[in-house]
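Right, one structure below, let's go through it.
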Amino acid sequence: MSTVTLKSLLAVSALALVMTGCANREPEPVEPTGPTAAEIEAERARAAAEEARRADQAAMAEARRLLADARDFTNLNSNQQGRLRDAERAISDGEGRNALDSLKRLISELEAARTTYTVMRGDSLWRISGKSEVYGNPYQWPLIYKANTDTIQDADLIHPDQNLNITTHPRKGAVDMAVEHARNRGAWEIGRTEDSDRAYLGK
């Protein structure tokens, strides 16, 4: 056998051995390319914290809006005034959720608060409104008129034994509008609905 042939055989044998070794070798472990379980959990926690922060911000903004709304009600008793102050403190302390729940209950209560008054002989809306147990201000009589348009056709004509609804906590804006109307109503006549009264009721 020639030297060249021997060298060729040796080279082929060596290559075959190398290839056989590569085929039998365990594959190299591949490093994972995605996030680890700990990283996924950390991201979930971060997202939950961000969602809670946004919810707190929304609750605080809504609580501030309702606080301004609650301040618009009049004739609050001492208990209601105390609840309003508690909500103000909660907002100042960053407890928007607590203030929000409290203010929702308070406003719902104030909006629903009504009482009734039974008309006596000699009464007028002016006289009823001026009574301390009603509004203590006769100029607020249009509030009573507006709350009872189903039974009062003419603001100048009411009858004994009529039961009138009285809004216990009218809003400041409604009070201001009523007083403005009472002061500038103009001439009136018993038995007819004045145009100025119609205009007031339409506001």
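The values are calculated or read from the model by the stated rules, or taken from the named source; none is laboratory data. What you see is a predicted model, and the numbers here were worked out from it, not measured in a lab. Here Cβ is always computed from backbone atoms with ideal geometry, including for glycine, and neighbour counts include all displayed protein chains. Heads up: the accessible areas ignore ligands, DNA and RNA and are worked out on the full protein's heavy atoms, side chains in. Shrake-Rupley method; radii C 1.70, N 1.55, O 1.52, S 1.80 Å.
Of note:
- Restricting the stretch 133-142 to residues that are assigned to a loop (DSSP other than H, G, I, E, B) and either modelled with pLDDT under 95 or in contact with a Phe, Trp or Tyr (Cβ under 9 Å, 6 or more places away or on another chain) (or both), the residue that is surrounded by the fewest Cβ atoms within 10 Å (Cβ to Cβ) is GLU133.
- Taking the conditions (1) exposed (fewer than 14 other Cβ atoms within 10 Å of the Cβ); (2) under 30 Å from GLN81 (Cα atoms) in turn, GLN153 satisfies each one other than (2).
- Qualifying residues in the stretch 52-97 (those that are polar (S, T, N, Q) and either in contact with a Pro (Cβ under 7 Å, 6 or more places away or on another chain) or open to solvent by 20 Å² or more (accessible area, probe 1.4 Å) (or both)) - the one farthest from LEU143 (Cα to Cα): GLN57
- Verdict on VAL175 being buried (at least 17 other Cβ atoms within 10 Å of the Cβ), in a loop (DSSP other than H, G, I, E, B), touching a helix residue (DSSP H, G or I) at 6+ places or on another chain (Cβ under 7 Å) and modelled with pLDDT of 95 or more: no
- Those residues of the stretch 92-136 which are of a type in the set (Asp, Glu) and under 13 Å from the mean Cα position of the chain (by Cα), in sequence order: ASP101
- Checking ILE144, ILE91 one by one, the residue that is over 26 Å from GLN57 (Cα atoms) and not basic (Lys, Arg) is ILE144 and no other.
- Every residue from the stretch 157-172 that is surrounded by 14 or more Cβ atoms within 10 Å (Cβ to Cβ) and among the charged types (D, E, K, R): ARG171
- Subset of the stretch 154-186 [in contact with an Asp or Glu (Cβ under 8 Å, 6 or more places away or on another chain), farther than 30 Å from ASP69 by Cβ and not charged (D, E, K, R)]: ILE158, PRO160, GLY186
- When restricted to residues that are in a loop (DSSP other than H, G, I, E, B), open to solvent by 30 Å² or more (accessible area, probe 1.4 Å) and touching a residue at least 12 places away in the same chain (Cβ under 8 Å), the stretch 115-130 contains 3.
- Every pair of residues 6+ apart whose Cβ atoms lie under 9 Å, when the first sits in the stretch 151-162 and is under 24 Å from ALA199 (Cα atoms) and of a type in the set (D, E, K, R) while the second is open to solvent by 70 Å² or more (accessible area, probe 1.4 Å) and in a loop (DSSP other than H, G, I, E, B): ASP154/TRP188; ASP154/GLU189; ASP154/ILE190; ASP154/ARG192; ASP156/TRP188; ASP156/GLU189; ASP156/ILE190; ASP156/ARG192
- Every condition in (1) without any contact (Cβ under 8 Å) to a residue 40 or more places away in the chain; (2) hydroxyl-bearing (Ser, Thr, Tyr); (3) open to solvent by less than 30 Å² (accessible area, probe 1.4 Å) is met by TYR145 except one, and the failing one is (1).
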